[in-house]
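Single-structure report; data block below.
The values are calculated or read from the model by the stated rules, or taken from the named source; none is laboratory data. What you see is a predicted model; the values in this text were computed from it and never measured. Cβ atoms come from the backbone with ideal geometry, glycine included; neighbour counts cover every protein chain shown.
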Amino acid sequence: MSKLKTVVLGVTGGIAAYKALDIVSKLKKVGIDVHVIMTESATEFINPISFQSLSQNLVASDMFSEPKAWEIQHISLAKKADLVLVAPATANLIGKVANGIADDMLSTTIMATKAKVIFAPAMNTNMYQNPIVQHNISKLKEFGYVFLSPSSGRLACGDVGEGKLEDTEIIVSRVLTLLYDIKDMVGKNVIVTAGPTLTPIDPVRYISNYSSGKMGYAIAEEARDRGANVTLISGPSMLKVPQGVKFISVSTSEEMLSNIEAIYEDTDIVIKAAAVSDYKIKEYSNEKIKKSETEIDFKFEKNIDILKYLGGLKTHQILVGFAAESNNILNNAKEKLEVKNLDYIVANDITKADTGFSSDDNKVTILCKDGRTIELKKMAKRQVAKELFDLINIVIN
Ligand code: CTP
């Protein structure tokens with residue numbers, strides 16, 4: 001972290017505005033020059049003097065600037081910024097930027113900057129879920145703006161649901177990754193598996209599971225952003241294929257294995273987030289099964305455990321498994337870590353609705369082969385991916 005970096009922090013008018021004070025203080029602690037821009041409504045929640053004291057820079061807010069002074073100032077801050085963070089970001093500000101409106105200091109700065117812009121939204125659940133807000137967010141994401149999704153919990157208005165500003169620790173860590181463009185996986189070949197696998201019964205039927213692929217896709221994106229050559233081998237998923245990764249679509253566990261085997265020797269890291277079918281049908285029917293009987297029985301036989309097989313072949317590769325558990329989580333995960341000869345296992349409780357298969361969040365504990373147990377808070381799946389690579393980085397570089 002050599003050159004002094006500048007972050008412009010935009011604070012909009014929401015009850016979470018007070019949390020932005022903590023963000024300033026955390027950024028200052030790691031030596032970042034912080035310039036705060038407050039919208040007029042933000043100044044109703046927090047006195048700009050608090051931000052001024054913590055950032056040790058004058059706060060730009062329309063209330064205190066001379067008439068129209070911001071028309072020039074926004075250019076200087078927009079140029080100065082290595083990164084612009086808006087936290088909390090209200091529906092109003094997101095809507096303005098998504099629709100090209102620049103009518104105050106913050107929105108003009110965002111419009112004028114060439115730096116990366118991150119939005120950390122915080123608002124009432126119904127507002128956040130409003131299709132207009134969601135449409136604005138998708139539109140901005142397409143233009144390359146980064147969003148740190150709000151977490152769920154009790155909101156200031158008393159409602160419970162999505163809309164809480166993401167943890168300030170996580171916001172700051174994401175800012176640092178983007179700011180310093182951490183590229184610790186350059187030249188590393190990484191395989192990520194994701195999604196479910198299918199167990200075909202006949203030409204029209206199969207058995208599968210509820211895996212959405214979200215965890216694996218987030219891992220593939222994080223590895224890509226850190227400079228790795230990523231091969232994402234995925235079972236059926238509704239998710240958009242991440243750009244900049246080699247994508248292999250599979251349906252059965254056999255296909256998943258053969259695609260991994262073909263490149264395993266030259267691979268540095270394998271992360272198996274896929275929910276692989278443990279059994280396959282013993283006698284696949286080449287013809288469509290007719291509904292002639294009142295009952296029907298199928299016999300299943302064990303599928304190969306891909307990860308265990310890879311653990312047996314391991315030479316230099318780092319192997320990471322996932323343990324989807326509903327009870328006795330840590331003991332089961334530890335056993336899988338040992339039996340499959342893994343370096344890390346990421347254990348999660350699949351019974352929790354807000355961190356399960358199709359959720360954007362996860363709450364995991366990472367067990368390492370050296371005996372360490374790292375319990376993480378509930379966080380976005382992308383952040384879990386980041387934490388995992390921070391751990392791997394220590395052993396691989
Ligand atoms: N796995 C695999 N091949 C299988 C089954 C699982 O590679 N046939 C991998 C998964 O991708 C995951 C890890 O093994 O990384 C653990 O999967 P999980 O379903 O939690 O456990 P299992 O080993 O299948 O054991 P059980 O279902 O009895 O909990």
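Take Y344 and tell me if it is hydroxyl-bearing (S, T, Y) and under 28 Å from P203 (Cβ atoms). If you could, list the steps in order and put the result at the bottom.
Working: hydroxyl-bearing (S, T, Y): yes; under 28 Å from P203 (Cβ atoms): no.
No; evaluated as a whole, the condition is false for this residue.
Can you tell me which residues in the range 253-280 are away from the ligand (no atom under 12 Å from the Cβ), within 13 Å of L313 (Cα to Cα) and surrounded by 19 or more Cβ atoms within 10 Å (Cβ to Cβ)?
Residue satisfying the conditions is T267 alone.
Being among the polar types (S, T, N, Q) and within 9 Å of the ligand (Cβ to nearest atom) narrows it down to one residue among N341, N332; which is it?
Numbers: N341 fails: within 9 Å of the ligand (Cβ to nearest atom).
When all the criteria are applied, what remains is N332.
Filtering the range 210-252 down to residues that are within 13 Å of the ligand (Cβ to nearest atom) and buried (at least 23 other Cβ atoms within 10 Å of the Cβ), which residue is farthest from V384 (Cα to Cα)? So that I can check it myself, show each step before the final result.
Initial filter on the range 210-252 (within 13 Å of the ligand (Cβ to nearest atom)): 210-211, 213, 215-216, 219, 233-235, 250, 252.
Right, trim to buried (at least 23 other Cβ atoms within 10 Å of the Cβ) and you get 211, 213, 215-216, 219, 233-235.
On the way: S211: 17, G213: 14, M215: 8, G216: 11, I219: 8, I233: 19, S234: 19, G235: 21 Å.
For the range 210-252, the residue satisfying everything is G235.
Filtering the range 300-315 down to residues that are farther than 17 Å from P200 by Cβ and within 9 Å of the ligand (Cβ to nearest atom), which residue is farthest from the chain's Cα centre (by Cα)?
Among them, the one singled out is Y309.
Determine whether the range 368-379 contains at least one residue that is modelled with pLDDT of 95 or more and either within 18 Å of the chain's Cα centre (by Cα) or more than 26 Å from D184 (Cβ to Cβ) (or both).
Within the range 368-379, not a single residue is modelled with pLDDT of 95 or more and either within 18 Å of the chain's Cα centre (by Cα) or more than 26 Å from D184 (Cβ to Cβ) (or both).
Considering each of T168, T177 in turn, give the residue that is surrounded by 18 or more Cβ atoms within 10 Å (Cβ to Cβ) and in contact (Cβ under 8 Å) with a residue 60 or more places away in the chain. Reasoning before the result, please.
Values: T177 fails: surrounded by 18 or more Cβ atoms within 10 Å (Cβ to Cβ).
Just one listed residue meets the conditions, T168.
Yes or no, residue by residue, for (1) at pLDDT 95 or above; (2) farther than 30 Å from V34 by Cβ; (3) in a loop (DSSP other than H, G, I, E, B):
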position	(1), (2), (3)
E162	no, no, no
L178	no, no, no
D184	no, no, yes
V190	yes, yes, no
T193	yes, yes, no
V230	yes, yes, no
I248	yes, yes, no
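Return yes or no: is K288 surrounded by fewer than 17 Cβ atoms within 10 Å (Cβ to Cβ) and either at pLDDT 95 or above or of a type in the set (K, R) (or both)? Explain how you work it out, then say what you get.
Numbers: surrounded by fewer than 17 Cβ atoms within 10 Å (Cβ to Cβ): yes; either at pLDDT 95 or above or of a type in the set (K, R) (or both): yes.
When the stated conditions are applied, K288 passes them.
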